[in-house]
Structure formats: C-alpha cells, structure tokens
Amino acid sequence: MIGLAGVIALMAWSAPPEPSLDALHQSFVDPPSNARIMMRWWWFGAAVTKPELARELQTMKAGGIGGVEIQPVYPLALDDPQTGFKNLPYLSPEFLDAVRFTSDKARELGLRVDMTLCSGWPYGGPHVPVSQAAGALRFESVEITPGVNSV
C-alpha cells in the first residue's frame, strides 16, 4: 500500500516534463507536419494533369503547408482538343486516377489529404426538390471546464 507521499512522488515521476520556452518557440517556428495548416485546393472542372498536380504539391510542401483539401468544382473553360485542355468528369475513371495520384504523391511528400464532395452548400441544386433539401440545422452548446483536457 502506497501512502499519499508515495502517490504524489509517483505522479511527479510519471508526469511529462514541461517544454522549455525555447522548445515551445521552435514548435511554432517549425511545427510538426500534423500541426501545419491545410490548403483548400480548388480543382475547376478537374482540369488537372499529373505533372501539374505534382508540381503544386511540391510547391505547397516547400512553402510549409501540411496538407490539402481537394475541392472539385465547375469548369472555368470548355474542353479544347486543339490545346489539349480537358475537364475530367466528376467521379470518372480519369478523375479518380487523378485523385489517387494526388493522394499517393501527397503521402510521399508527407502531406495530408482531404476531399469535399462538391461545392454546394448544402449539396444539391435547383434540381433537388424541397422535400429532399436540407431543412434543419442542429446546434449544440457544450460547456468546457477550464483545465480539463479530455472528454
């Protein structure tokens, strides 16, 4: 049986050391990859190419970005066979291949990847009847007790 002094000593022994001010400063100067910001990455018409996807991911990584959120949206221009410009239809095999390539390249670079379903807020459009449209917003308020760091 351990007395109160033993419990206090055990707690002090097992508590992680507090970071120094220099270590804390360094974590802001060079944060770990899982704490870096993510960019919303608009894919207009998903008119993307693998070389450009790789170049942009490398540029974001070099700029300190921690990951991307792919946001496929409407095309900005029509397909043009003369210039090779092509929009990839949403969820087509070519579109999914571009997403897979991006995910693999991002993982290789140590970047996180997320993807939204589309640009609608809420998803849908004029073709969605009112009977199937979003009709409610759920709101919750949760009080957080100061000093508590777990749920």
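Which length gain, in nm to one decimal place, applies between residue 133 and residue 112 when the Cα-Cα distance is subtracted from 0.36 nm times their residue separation?
Numbers: separation 21, 0.36 × 21 = 7.56 nm, distance 3.18 nm.
Residue separation times 0.36 nm, minus the Cα-Cα distance, leaves 4.4 nm.
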Discussion item. Can you list residues from other chains, or at least 5 along the same chain, whose modelled amide H is less than 5 Å from the amide H of residue 113?
Written reply: 68
Worksheet item: Taking a label point 7 Å from the Cα of residue 62 along the Cα→Cβ vector, which residues of the stretch 27-56 have an amide N closer than 15 Å to it?
Response: 52-56
Worksheet item: Whose amide H sits under 5 Å from the amide H of residue 85, counting only residues 5 or more places off or on another chain, with H placed in the peptide plane?
Response: 80
Response to the item:
Amide H contacts under 5 Å for residue 43, restricted to residues at least 5 apart in sequence or on another chain and with H modeled in the peptide plane, are 71, 73
Worksheet item: In the stretch 59-144, which GluC sites (Glu not before Pro) fall in coil by DSSP and have 10 or fewer other Cβ atoms within 10 Å?
Response: 140, 143
Response to the item:
Computed ³J(HN,Hα) along the stretch 94-109: with the Karplus parameters 6.51/-1.76/1.60, θ = phi - 60°, integer Hz and x for glycine or proline, the list is 5, 4, 5, 5, 5, 5, 4, 4, 4, 4, 5, 5, 4, 4, 4, 8
Worksheet, complete the sentence: Taking a straight Cα-to-Cα line shorter than 24 Å from residue 61, and setting aside same-chain lysines fewer than 8 residues away, one finds 50, 105
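Gain in length, residue 52 to residue 69, computed as 0.36 nm per residue apart minus the alpha-carbon separation, to one decimal in nm?
Roughly 4.5 nm would be gained on extension.
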Worksheet item: residue 30 versus residue 80, label points 7 Å from Cα toward the beta carbon: distance in nm?
Response: 4.4 nm
Item to complete: Go through 144, 65 and list them by solvent-accessible area, largest first, probe radius 1.4 Å.
Response: 144, 65
Discussion item. Let me cross-check residue 86: its accessible surface, 1.4 Å probe, with only protein heavy atoms counted, in Å² to the nearest 10?
Written reply: 100 Å²
Worksheet item: Taking θ as phi - 60°, what are the ³J(HN,Hα) couplings along the stretch 56-61 by the Karplus curve (6.51, -1.76, 1.60), each to the nearest whole Hz, with x for Gly and Pro?
Response: 5, 4, 5, 5, 5, 4
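Counting only protein heavy atoms and a 1.4 Å probe, tell me what percentage of the stretch 21-151's accessible area is made up of carbon and sulfur.
Working: 5910 of 9850 Å².
Roughly 60 percent, rounded to a whole number.
The values are calculated or read from the model by the stated rules, or taken from the named source; none is laboratory data. Quantities reported herein were computed from a predicted structural model and do not represent experimental measurements. So basically every Cβ, Gly included, is an ideal-geometry build from the backbone, and we count neighbours across all protein chains shown. Heavy atoms of the whole protein, side chains included, go into the accessibility calculation; ligands, DNA and RNA do not. Shrake-Rupley method; radii C 1.70, N 1.55, O 1.52, S 1.80 Å.
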